[in-house]
1. Between Arg339 and Ala242, what length in nm is gained on full extension when 0.36 nm per residue of separation is reduced by their alpha carbon distance?
2. Residues of the stretch 383-409 with the amide nitrogen closer than 12 Å to a label point 7 Å from the Cα of Thr114, along Cα-to-Cβ, please.
3. Take the Cα atoms of the stretch 208-325, find their three principal axes, and give me the spread along each one in whole Å, biggest first.
4. Rounding to the nearest 10 and keeping the result within 0 to 90°, find how far the Cα-based axis of helix 44-56 lies from the longest principal axis of the chain.
5. Report, by chain and number, residues whose modeled amide H sits under 5 Å from the one on Ala99, excluding near sequence neighbours (fewer than 5 apart, same chain).
6. Which of the lysines could a cross-linker bridge to Lys253, judged by Cα under 26 Å and excluding same-chain residues fewer than eight apart?
7. Post the alpha-carbon centroid distance, the stretch 22-53 to the stretch 349-422, in whole angstrom.
8. To the nearest 0.05, what FRET efficiency results for Ala184 and Glu62 with a Förster distance of 25 Å applied to their C-beta separation?
Amino acid sequence: MSDTTTDTVQTLIHGLLERERDAQTRFLAELVKVPSDNPPGDCRAHAERAAVLLEELGFEVERHPVPEATVKAAGMISATNLVVRKTFGAQGDSGPVIALNAHGDVVPPGEGWTKDPYGAEVDEGWMYGRGVAVSKSDFATYTYALIALEKAAEAGARLGGSVELHFTYDEEVGGEIGPQWLIAEGISKPDLSIGAGFSYNVVTAHNGCLHLEVTIDGKSAHAAMPFTGHDALEAANAVLTALYDWRKGLSAKVSEIEGIGSPQLTVGLIEGGINTNVVPDRVTFRLDRRMIPEEQPEAVEAELRGLIEGAAKPFPGIGVSIRRVLLAAPLMPLAGGERLTERLAARASEIMGEPVAAKGVPLYTDARHYTAAGIPTVLFGAGPHSIEEANAHRADERLPLSDLTKATEVVALTLYDLLSQR
């Protein structure tokens, strides 16, 4: 056909994706079957498998291996970022460059699974496996959305602009050698970005996050004469008590952005001591401080450092060192992204069968690196209503395959809306 209407394009895309349901499911299953746990962060094999699957679909895939020293500095073993580019329209047609980013690294499976974490088993319409929802699913969402858009262009839809697939492998350690690296190296300069998400909200804001490692040093001594040492655990107990007391006040601070809520503080790791009969000479713990978008990360860090150092100060012979492990800035809406948000919400409301609105979420993602570079970014992809329903980061992680098909249609139609030259 020489030209198409919006209704024609929608019918074409819907029909294509219905026909490709089984192929898309197989594509996702192949990605779930290849482990990409981070830690330890040896993701080269998964990237290569994903690249081959994309090439089998007819895409030209750019492999961008991150230098070994950079990978090791991020606490990983290997990472290869994948980029696919598709330009639409005749020369002279103008339109935005839109990046679609999902990460292939996943948290380790952990205990409690009733399904094989790498089996990609389908049970009553849900696929199970580590990473099936966060976010290998959106490798499949974005790949098949691009396929659908290509078919619409071949059928006569007049489009202008470009779509890029950015498949990266370091979200679980912060995204610095994935999205941030692609942008810093000049490999991609998109105008807009969609990051991995779920199907029943369009996320325009999320929390920031600060991880600190606190080491409290004392002096060991025999338990028969504990007074000859300096008990690091006693001092650590005072520090932790101060932190937990301080945490109670966080609920009084609430973000104005729907879905964000209040700041949070969690002490997630602790270790120390030598033996039962020895005064502990060192205790180390790590804390996670979630920051609402209205907070200033530097001020949050300074406050925590002061609190920790002040709580340990009364204990003679005790030293405190604090190391920043991670500082992730919040995701905030940027000027120029309004139409992206509007079209995604409208298409999602239409396809998902219920109102889908823009909102915030109380977590953080590597999508923040796009907004840090001035690129308006939202999160949307395949997934159920909540991370709890998906068992994300828990045993028996799962994805409803019906949402995979629908989310793909939403993304494809949104891309059409943004690139259409009608």
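1. Numbers: separation 97, 0.36 × 97 = 34.92 nm, distance 4.59 nm.
So the chain would gain 30.3 nm between Arg339 and Ala242.
2. 396-397
3. Principal extents (Cα only, largest first): 56, 23, 23 Å.
4. 10 degrees
5. Residues meeting the amide H criterion: Glu164, Asp191, Leu192, Ser193, Ile194.
6. Cα-Cα hits under 26 Å: Lys359.
7. 20 Å
8. On the way: r = 16 Å, r/R0 = 0.65.
So, using R0 = 25 Å, E works out to roughly 0.95.
No lab work stands behind these numbers, since they all come straight from the coordinates. Keep in mind that what you see is a predicted model, and the values were worked out from it rather than measured. Heads up, the Cβs are rebuilt from the backbone with ideal geometry, glycines too, and the neighbour counts pull from every protein chain shown.
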